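Contents: one structure, followed by commentary.
The values are calculated or read from the model by the stated rules, or taken from the named source; none is laboratory data. The shown structure was predicted, so the numbers you read here are calculated from the model rather than taken from an experiment. Cβ: placed from backbone, ideal geometry, glycine included. Neighbour counts: every protein chain shown.
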Amino acid sequence: MLIHGKWLLLALLVVGMACQRSVEVKGRKLSLDGPWQFRFDPQDRGLAEAWYSGAAGGTWRTLSVPGTYNVQVPESLWYQGKAWYRRKFRVPANWPTGGRFLLRFNGVALRSRVWVNGKQVGEHPFAYTGFELDVTDAVQRSADNLLAVQVDNKILDRAIPDKKWHGWWDYGGIFRSVALEWRPDTYVANLWMDTRMLKSGWEFTPTAVLRQHGTDSVDVSLSWVLRDSEGNRVWEKQQGVRLGAGETTVSVRDALNQVKSWSPEHPTLYNLVLRIRDELGNEDSLTIRTGFRQIETRGSKIYLNGEPVVFRGISRHEDHPEYGSALPPELHRHDLEEIKALGCNFIRLAHYPQDPYVYDLADSLGLMVWSEIPAWQTSVDVLGDKEVLEKWAKPQLAEMINQMRHHPSVMVWSVGNEFDSSSPKAAWYVSQTIDFVHQLDPTRLATFASDRHRPGKPKDICWPYADFIAINEYYGWYYGTIHDVGPMLDAVHKRLPDKPIVVSEFGAGAAPGKHNPNPPESGKDYSEEYQVKFLMTHMDQIFAPERQDFMSGAIIWVYADFADPHRVGGPHPKEWSYVNLKGLVTRERKHKPSFKAVQQRFHELAKSGGKNLR
């Protein structure tokens, strides 16, 4: 048994937890999704006028949560600034006495402050990770409670993301689920399991964060149980622990040789249950879905469960014309099932942690996951700022890892995308953040996506810090020709021969219905035929047999077209202004011809073990 004291950023890790469908809590949960009152605050008057109180007047409209006000109120599509949500709730009469009331938000963009019955109970500075607030001292048990949330989607100068961020729409609002939860005074706050292959079987380390709200130490008994998908018990462990006030991390380590590994071909899942019982007989439990898998690099290849793996991937934004970024569960499922049918074994969640349900689906469908914080083309002056690192980068990485590390599908943590990685300031940022990620979770790969690879341009100096080289390339669209990919990859490999390479983005725009029977070899053609030609030619070079010793995959940009504020003017089709057209499907999920072409190629690659047969 391993018992650890307060760990670096443990407070952030625990506060950053979000309710997730793959997690089952023994306790009580009240969904706060549904109709809320809403009001814009362009003059920033709400705080001074106490809009968080029951006496707040003015005109409030009704909006649905989860939702983005930019879509629900069409005239606010470009709105940046503060807005307010409020609703009443009542604690169910059959909930136990005592214990703790926790408010859980899965996502509020971009920043939020929260009040209960006129008392500010907390705030959260990040959009894409969930957060938990203990509201026990503010909640009334036998009367209506007023919950108010101030949201703000104004982009800040020195933050992550910063003002260089224009890669996707700046949606605002409470765009993921909200719930009130009751837990006893001593409970399981978080649970995950790390795994490592042995010569025979698997070593595994279940780990839990236990929270104790009393002032005195208490003795608790823990019961760990691992069950297979049919409910059969495959492992159990009993132990006693003495807990002080606050948080304690507890781990056990053991080995099994009769379990099945998780992989895209066989995504075998297990249920890990931890039950805790205190001296007075109070009980709590937490259940997660987990799996046995190991991701690592050896020389110039990536290995999953001891075998070389080749990523057949695609990126995905949370975006839809009807819902904005607040996609409902059925649309998440539709997208990931389509991505699996496309022949993918990998999905890059661009460029931020997505809804927890997406990770659940990836677990069950067998899709390896790249999860990233929104350091998208961030200024190197911001990246090189120590205060930004400590206030914006490390906490977002910590929350993402803490909330998603129990998912066996997650293989890659990314510290950012397309910043100037030829800069010493960026190199400092990458070295600091990747080291931080490795400290928090040494069982997964850490990288960033680079676009500094063009001949004659400043070279990437950050790649040596990453576990593998991730290259965003658009030869034949923004620069060069569609035939320049292979020579570029060869040059990068020659420079860093012991690093695996993954093409983390490549794609071309296609306007639905635009045709060119003789597509060119470079330029923004926007025909459906050129998109097919671009993707097929790039895959021919990426997956060429002569590169199989150092290429570990390719991730297409992007699954579906999405709203993009700077896709306007120039050669971009006027009727598709503000839409990124690089999707294999439209925003409404209608297939372009490229979907079928990629599907055929990915299935061929799957049969050949990742080696191109052409």
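Search the stretch 60-75 for residues being touching a strand residue (DSSP E or B) at 6+ places or on another chain (Cβ under 7 Å) and either within 21 Å of residue 130 (Cα to Cα) or at pLDDT below 95 (or both), and hand back the single one that is surrounded by the fewest Cβ atoms within 10 Å (Cβ to Cβ).
64
Among 140, 120, 150, which is touching a residue at least 60 places away in the same chain (Cβ under 8 Å), surrounded by fewer than 18 Cβ atoms within 10 Å (Cβ to Cβ) and not assigned by TED's automatic domain parsing to the domain that holds residue 382?
Matching residue, one of 140, 120, 150: 120.
Being free of Cβ contacts under 8 Å to residues at least 60 places away in the same chain and out of contact with any Pro (no Cβ under 8 Å at 6 or more places or on another chain) is the filter here; which residues of the stretch 208-225 pass it?
Passing the criteria: 212, 214, 215, 216, 217, 220, 221, 222, 223, 225.
Can you tell me which residue in the stretch 386-400 is nearest to residue 125 (Cα to Cα), limited to those that are among the acidic types (Asp, Glu) and touching a residue at least 40 places away in the same chain (Cβ under 8 Å)?
Looking at residues that are among the acidic types (Asp, Glu) and touching a residue at least 40 places away in the same chain (Cβ under 8 Å), I get 399.
Quick check on my filter: what residues within the stretch 242-252 are in a strand (DSSP E or B) and surrounded by fewer than 20 Cβ atoms within 10 Å (Cβ to Cβ)?
The answer is 242, 246, 249, 251.
Let's see how each residue does on (1) at pLDDT 95 or above; (2) over 30 Å from residue 156 (Cα atoms):
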position: 296; (1), (2): yes, yes
position: 337; (1), (2): yes, yes
position: 345; (1), (2): yes, yes
position: 351; (1), (2): no, no
position: 355; (1), (2): yes, no
position: 368; (1), (2): yes, yes
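Could you tell me whether residue 98 is at positive phi and at pLDDT below 95?
yes
Given the options 227, 176, name the one that is among the charged types (D, E, K, R) and assigned by TED's automatic domain parsing to the domain that holds residue 149.
It is 176.
Can you work out which of the residues in the stretch 368-377 that are out of contact with any Lys or Arg (no Cβ under 6 Å at 6 or more places or on another chain) and not in a strand (DSSP E or B) is surrounded by the fewest Cβ atoms within 10 Å (Cβ to Cβ)?
374
Output the residues belonging to the stretch 294-315 that are among the basic types (Lys, Arg), in contact (Cβ under 8 Å) with a residue 60 or more places away in the chain and surrounded by fewer than 22 Cβ atoms within 10 Å (Cβ to Cβ).
Passing the criteria: only 301.
Any residue at all in the stretch 541-560 that is in contact with an Asp or Glu (Cβ under 8 Å, 6 or more places away or on another chain) and small (Gly, Ala, Ser)?
yes
When both residues are 6+ apart or on different chains and their Cβ atoms are under 8 Å apart, which pairs have a first residue that lies in the stretch 322-336 and is surrounded by fewer than 15 Cβ atoms within 10 Å (Cβ to Cβ), and a second that is in a helix (DSSP H, G or I)?
322/71; 329/357
Filter the stretch 67-114 for residues that are assigned to a strand (DSSP E or B) and small (Gly, Ala, Ser) and give the result.
Residues satisfying the conditions are 83, 109, 112.
May I ask you to say which residue of 255, 326 is in the same structural domain as residue 496 (by TED's automatic domain parsing), modelled with pLDDT of 95 or more and either assigned to a strand (DSSP E or B) or in contact with an Asp or Glu (Cβ under 9 Å, 6 or more places away or on another chain) (or both)?
326
Answer yes or no as to whether residue 414 is under 29 Å from residue 312 (Cβ atoms), more than 19 Å from the chain's Cα centre (by Cα), modelled with pLDDT of 95 or more and buried (at least 24 other Cβ atoms within 10 Å of the Cβ).
When the stated conditions are applied, residue 414 does not pass them.
For the stretch 457-471, check the following and say yes or no: at least one residue is farther than 23 Å from residue 426 by Cβ and out of contact with any strand residue (DSSP E or B) (no Cβ under 6 Å at 6 or more places or on another chain).
No; the residues of the stretch 457-471 include none that is farther than 23 Å from residue 426 by Cβ and out of contact with any strand residue (DSSP E or B) (no Cβ under 6 Å at 6 or more places or on another chain).
Take residues that are surrounded by fewer than 17 Cβ atoms within 10 Å (Cβ to Cβ) and tell me which of the strands (runs of 3 or more DSSP E) falling wholly in the stretch 180-241 contain 3 or more.
218-227
Which ones in the stretch 350-367 are among the acidic types (Asp, Glu) and assigned to a helix (DSSP H, G or I)?
Residues satisfying the conditions are 360, 363.
So that you can scan it fast, the table gives a plain yes or no per residue for (1) touching a Leu at 6+ places or on another chain (Cβ under 9 Å); (2) over 24 Å from residue 365 (Cα atoms); (3) in contact (Cβ under 8 Å) with a residue 40 or more places away in the chain:
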{"position": "402", "(1), (2), (3)": "yes, no, yes"}
{"position": "407", "(1), (2), (3)": "no, no, yes"}
{"position": "410", "(1), (2), (3)": "no, no, yes"}
{"position": "417", "(1), (2), (3)": "no, yes, yes"}
{"position": "421", "(1), (2), (3)": "no, yes, yes"}
{"position": "436", "(1), (2), (3)": "yes, yes, yes"}
{"position": "441", "(1), (2), (3)": "no, no, yes"}
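Here is a list of conditions, (1) more than 27 Å from residue 468 (Cα to Cα); (2) out of contact with any Asp or Glu (no Cβ under 8 Å at 6 or more places or on another chain); (3) without any contact (Cβ under 8 Å) to a residue 24 or more places away in the chain, and residue 579 meets all of them except one; can you say which number that is?
Of everything listed in (1) more than 27 Å from residue 468 (Cα to Cα); (2) out of contact with any Asp or Glu (no Cβ under 8 Å at 6 or more places or on another chain); (3) without any contact (Cβ under 8 Å) to a residue 24 or more places away in the chain, residue 579 misses just condition (2).
Find the residue count for the stretch 285-299, including only residues that are among the hydroxyl-bearing types (Ser, Thr, Tyr) and under 17 Å from residue 229 (Cα atoms).
Residues in the stretch 285-299 being among the hydroxyl-bearing types (Ser, Thr, Tyr) and under 17 Å from residue 229 (Cα atoms): 2 in total.
If residue 514 passes every condition in (1) assigned to a strand (DSSP E or B); (2) surrounded by fewer than 24 Cβ atoms within 10 Å (Cβ to Cβ) but one, which one does it miss?
Failed condition: (1).
If the Cβ limit is 6 Å and pairs must be 6+ apart or interchain, which residue in the stretch 488-500 that is assigned to a helix (DSSP H, G or I) pairs with which residue that is loosely packed, with under 13 Cβ neighbours inside 10 Å?
none
Kindly indicate whether residue 589 is in the same structural domain as residue 530 (by TED's automatic domain parsing), part of a loop (DSSP other than H, G, I, E, B) and under 15 Å from residue 508 (Cα atoms).
no
Would you mention how many residues in the stretch 115-131 are touching a Phe, Trp or Tyr at 6+ places or on another chain (Cβ under 8 Å), hydrophobic (A, V, I, L, M, F, W, C) and assigned to a strand (DSSP E or B)?
3
Hey, can you tell me all the residues within the stretch 280-293 that are crowded, with 20+ Cβ neighbours inside 10 Å and in a loop (DSSP other than H, G, I, E, B)?
291, 293 - these are the residues of the stretch 280-293 that are crowded, with 20+ Cβ neighbours inside 10 Å and in a loop (DSSP other than H, G, I, E, B).
Quick one: is residue 276 farther than 28 Å from residue 596 by Cβ, hydrophobic (A, V, I, L, M, F, W, C) and in a strand (DSSP E or B)?
Answer is yes for this residue.
Within the stretch 329-349, count every residue that is of a type outside the set (D, E, K, R) and in a helix (DSSP H, G or I).
7
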